[in-house]
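Worksheet for the structure shown next.
The values are calculated or read from the model by the stated rules, or taken from the named source; none is laboratory data. Everything quoted here is computed from the prediction, not taken from an experiment. Note: ideal-geometry Cβ built from the backbone for every residue, glycine included; neighbour counts use all protein chains shown. Heads up: the accessible areas ignore ligands, DNA and RNA and are worked out on the full protein's heavy atoms, side chains in. Shrake-Rupley method; radii C 1.70, N 1.55, O 1.52, S 1.80 Å.
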Amino acid sequence: MKILFLGDIVAKSGREAVVRMLPDLKIRYGADFTIVNGENAAHGKGITVKIYRALKAAGADVITLGNHAFSKREIIEKLPECPDLVRPANMEPQDAGQTFVIRTCGKHRIAVINVVGELLMDGSTESPFTAADKLLQQIDADIIFCDLHAETTSEKEIFLRLFADRMTAVIGTHTHVQTADEKIYRGCAFMTDAGMCGAADSILGRDAEEVIARTVRGEKTHYTPAEGDAMICGCLITVDDETSRAVGIERIRLTAGD
Ligand SMILES: [Fe+2]
Ligand SMILES: [Fe+2]
């Protein structure tokens with residue numbers, strides 16, 4: 001079976017591109033199951049129930065999040081209306097939403113989990129290693145897909161080595177920059193970061209001039225997402241139907257015109 005994953009969807013540019021292109025991408029890549037990260041879908045921070053529904057209607061089976069999961073606070077009370085939304089297991093508020101979902105795809109039971117890193121990040125309640133270990137004790141599934149939402153390459157490689165034998169895929173998100181290190185490690189598909197779905201001419205999806213004004217000149221600015229054509233970044237994972245282990249991973253990076 002094939003699992004299509006798309007990295008952090010950033011604001012209107014990324015959202016509209018994913019909603020428009022996902023039905024065709026699923027056919028093009030022969031995806032049996034599709035997971036997307038929606039932590040930046042609502043104006044660069046968070047997600048709304050309306051966006052959740054638009055991503056579902058476009059063909060996402062499960063939507064993962066990250067450190068911006070609850071930046072739009074209204075999503076918290078709407079979580080019961082979002083059965084296919086997974087929140088990071090190790091951040092506040094701990095009692096909101098689901099830390100894993102299990103879905104059936106063909107003859108497989110696939111679990112999707114989401115944890116945030118600790119290194120160079122704020123807000124985690126415990127290490128991703130402890131959080132993932134606790135999740136694994138609760139989950140009974142053939143395939144476990146982990147969206148590892150973390151900043152540093154080293155933390156993600158450590159995570160892979162700790163969990164490769166118990167997961168089918170560990171795919172990094174959060175940096176918004178795709179890495180070229182996709183690999184199969186002991187039957188587990190891995191890449192440090194899937195990259196983002198957002199405006200191609202931007203700094204990590206944000207308006208470049210604004211980021212420069214803030215960083216270089218110390219000006220107070222908003223969190224304005226960039227506009228314009230989006231790039232679509234992610235990966236396609238091939239899973240052996242008999243063993244439920246990963247046998248292939250392919251980087252996906254599409255820009256306007258692809
Ligand atoms: Fe992000
Ligand atoms: Fe993030």
Legend entry - Computed accessible area, K183, all protein chains, 1.4 angstrom probe, square angstrom: 60
Legend entry - Fluctuation leader among C235, C82, C105 - the chain, Gaussian network, Cα springs under 10 angstrom: C105
Legend entry - Quarter of Cα convex hull surface for the stretch 95-151, i.e. mean projection, nm²: 4.3
Inset, instruction - Quickly rank 116-128, 208-220, 33-45 as a protection proxy: mean count of other C-beta atoms within 10 Å, highest first. - result: 33-45, 116-128, 208-220
Inset, instruction - Enter the angle in degrees (range 0 to 90, nearest 10) between the Cα long axis of helix 11-29 and the first principal axis of the Cα atoms of the chain, meaning the one along which they spread out most. - result: 30
Legend entry - Antiparallel bridges, percent of DSSP beta bridges restricted to the stretch 124-201 (to nearest 5): 25
Legend entry - Total charge dipole magnitude, the stretch 27-186, about the Cα centre, Cβ charges on Lys, Arg, Asp, Glu only, Debye to nearest 20: 520
Legend entry - Using alpha-carbon coordinates, inclination of helix 49-58 to the longest axis of the chain, degrees: 60
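State the antiparallel share, in %, of DSSP beta bridges confined to the stretch 2-254, rounding to the nearest 5.
On the way: 27 of 53 bridges.
Bridges in the stretch 2-254 are about 50 percent antiparallel.
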Inset, instruction - Read phi for every residue in the stretch 179-192 and hand back ³J(HN,Hα) as whole Hz from Karplus 6.51 cos²θ - 1.76 cosθ + 1.60, θ = phi - 60°, with x for Gly and Pro. - result: 9, 9, 10, 4, 6, 9, 10, 6, x, 10, 6, 8, 8, 4
Inset, instruction - Give the accessible area for M196 in Å² (nearest 10); use a 1.4 Å probe, count only protein heavy atoms, and leave out ligands, DNA and RNA. - result: 10
Inset, instruction - Run the quick spin-label model on K183 and T221: label points 7 Å from Cα toward the beta carbon, then report their separation in nm to one decimal. - result: 3.6
Legend entry - Antiparallel %, DSSP beta bridges [both residues in the stretch 61-189], to 5: 35
Legend entry - Residue (of C188, G257, A89) at the positive-pole extreme of the chain, dipole from beta-carbon charges: G257
Inset, instruction - Give the accessible surface of the stretch 2-254 per residue, rounded to a whole number of Å², with probe radius 1.4 Å and ligands, DNA and RNA excluded. - result: 42
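When a/c is below 1.5 the answer is rounded, else prolate if a/b is larger than b/c, else oblate, so apply that to the stretch 2-254 with a ≥ b ≥ c taken from the square roots of the Cα gyration tensor eigenvalues. All intermediate terms of the calculation are to be shown ahead of the outcome.
Details: a/c = 1.44, a/b = 1.34, b/c = 1.08.
Rounded.
With the full set of protein chains in place, find how many percent of the accessible area of the chain is carbon and sulfur; take the probe as 1.4 Å. If you can, show how the numbers build up before the last one.
On the way: 5390 of 10950 Å².
Its accessible area is 49 percent carbon and sulfur atoms.
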Inset, instruction - Name the lysines eligible as straight-distance cross-link partners of K156: C-alpha to C-alpha under 17 Å, and not fewer than 8 places from it in the same chain. - result: K183
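Probe radius 1.4 Å, ligands and nucleic acids left out: which of R20, R103 has the largest accessible area, and how do the rest follow?
Details: R20 160, R103 70 Å².
From most accessible down to least: R20, R103.
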Legend entry - For the chain, calculated [θ]222 nm from helices alone, where every DSSP H run of n ≥ 4 adds -39500 (n - 2.57): -7500 deg cm²/dmol
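Shape call for the stretch 20-143 from the C-alpha gyration tensor, a ≥ b ≥ c root eigenvalues: rounded (a/c under 1.5), prolate (a/b greater than b/c) or oblate?
Details: a/c = 1.79, a/b = 1.19, b/c = 1.51.
Here the stretch 20-143 falls in the oblate category.
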Legend entry - Number of Lys pairs (Cα under 29 Å; 8 or more positions apart or on different chains) in the stretch 28-153: 13
Inset, instruction - Taking the chain as the reference, fit the longest principal axis to its C-alpha atoms, fit the long axis of helix 208-217 to the helix C-alpha atoms, and give the angle between the two in degrees, 0 to 90, nearest 10. - result: 70
